[in-house]
Amino acid sequence: MIHYKTNAEVELIRQSCIIVNDSIAHAASYIKPGISTMELNDIAEEYIRDHNAAPNFKNYHGFPFACCISVNDAVVHGFPTKDPLKEGDIVSIDCGALKNGYHGDSAYTFALGEISEEIKQLLRVTKDSLYLGIEKAIVGNRIGDISFAIQDYTERKHGYGVVRELVGHGLGKELHEDPQVPNYGKRGKGSKLKDGLVIAIEPMINLGAKEVYNDKDGWTIRTGDGKPAAHYEHTICVRKNKADILSSFSAIEAAEKANLNLCSDY
Ligand code: MG
Ligand code: MG
């Protein structure tokens, strides 16, 4: 069952998304070789709590942390660890916040220091595919139009692996609501997009093959071939001619640029 949001609800979701994005930006300013993903998790969590919001990932179906932090071959749902990050790592931070009864959800992938042109392209193409999907998130289109746009660009044009097991989702009063938003599919298929539909679009794209497996921690999803993966996520609201992007990468991209330990020219 799909819950379409009122304008007032959309604004509350936007507020939660801003806290999410600012918490990721805040954590990004600390990324450097030697810091652990557990430290980044704690920094983001503190930011969320300091802004009178709850870290909604924590205890969600038993997930024990505020953030999913996925390094290199970890695609999504990565457990923060005490292992130090190093030059060349790519790090996806995915987190959420609950405020005034509404959830926000967003994710961004960072690269430490010098990375290969191959990985730069993976980041660029994955981020671009998110916006190509968002372009299709307008009234009258269908979920499959979003899915197709992402798959067409990442898989058909660039030969990357599109993860099948995990998908984007509706959100609002719940972190995960209907409908599912796969990153693969056919144009003109799936439910029709109506005004006020709020969904998280989140391409999870592997440099190599699409196959993934579940790490023994029970949560972290890793690429089957050990190659890196990228993940970017926006929460958006379907509108008539143009989707309203409720989350924002502005603060994150500014932090990425300002932090000289991060690669920002991809
Ligand atoms: Mg997320
Ligand atoms: Mg999500």
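The values are calculated or read from the model by the stated rules, or taken from the named source; none is laboratory data. As the structure is a computational prediction, the values presented were derived from the model and not from experiment. Please note: Cβ atoms are built from the backbone with ideal geometry, for glycine as well, and neighbour counts cover all protein chains shown. These accessible areas exclude ligands, DNA and RNA; they are computed on the full protein's heavy atoms, side chains included. Shrake-Rupley method; radii C 1.70, N 1.55, O 1.52, S 1.80 Å.
Structural remarks
- Cβ-based net charge around Ser23, under 10 Å, with every Lys or Arg adding one and every Asp or Glu removing one: -3
- Set of aspartates and glutamates with alpha-carbon distance to Lys189 below 16 Å, sequence-local pairs under 8 removed: Asp145, Asp152, Asp178
- Anisotropy class of region 175-266 from Cα gyration tensor, a/c 1.5 cut: oblate
- Net charge over other residues, Cβ less than 10 angstrom from the Cβ of Gly101 (K, R count +1; D, E count -1): +1
- Summed residue charge, Cβ within 10 Å of Ala149's Cβ, Lys/Arg positive, Asp/Glu negative: -1
- Accessible area in square angstrom per residue, region 7-263, 1.4 angstrom probe: 40 Å²
- Peptide ranges 202-211, 188-197 listed from the most packed, as the mean C-beta count within 10 angstrom indicates: 202-211, 188-197
- In straight-distance terms, cross-link reach from Lys227 covers every one of the lysines whose alpha-carbon lies under 24 Å from its own, apart from those fewer than eight places away in the same chain; here that gives Lys32, Lys82, Lys86, Lys120, Lys127, Lys157, Lys210, Lys216.
- Calculated [θ] (222 nm, deg cm²/dmol) that DSSP helices of n ≥ 4 give over the chain, each run adding -39,500 (n - 2.57): -9000 deg cm²/dmol
- Relative packing of peptides 71-80, 40-49 - highest average C-beta neighbours within 10 Å first: 71-80, 40-49
- 18 Å Cα-Cα reach of Lys5 towards lysines, excluding residues that sit fewer than 8 places from it in its own chain: Lys99, Lys173, Lys192, Lys194, Lys240, Lys242
- A Cβ-based charge dipole, computed about the Cα centre of the chain with Lys and Arg at +1 and Asp and Glu at -1, lands at about 1000 debye.
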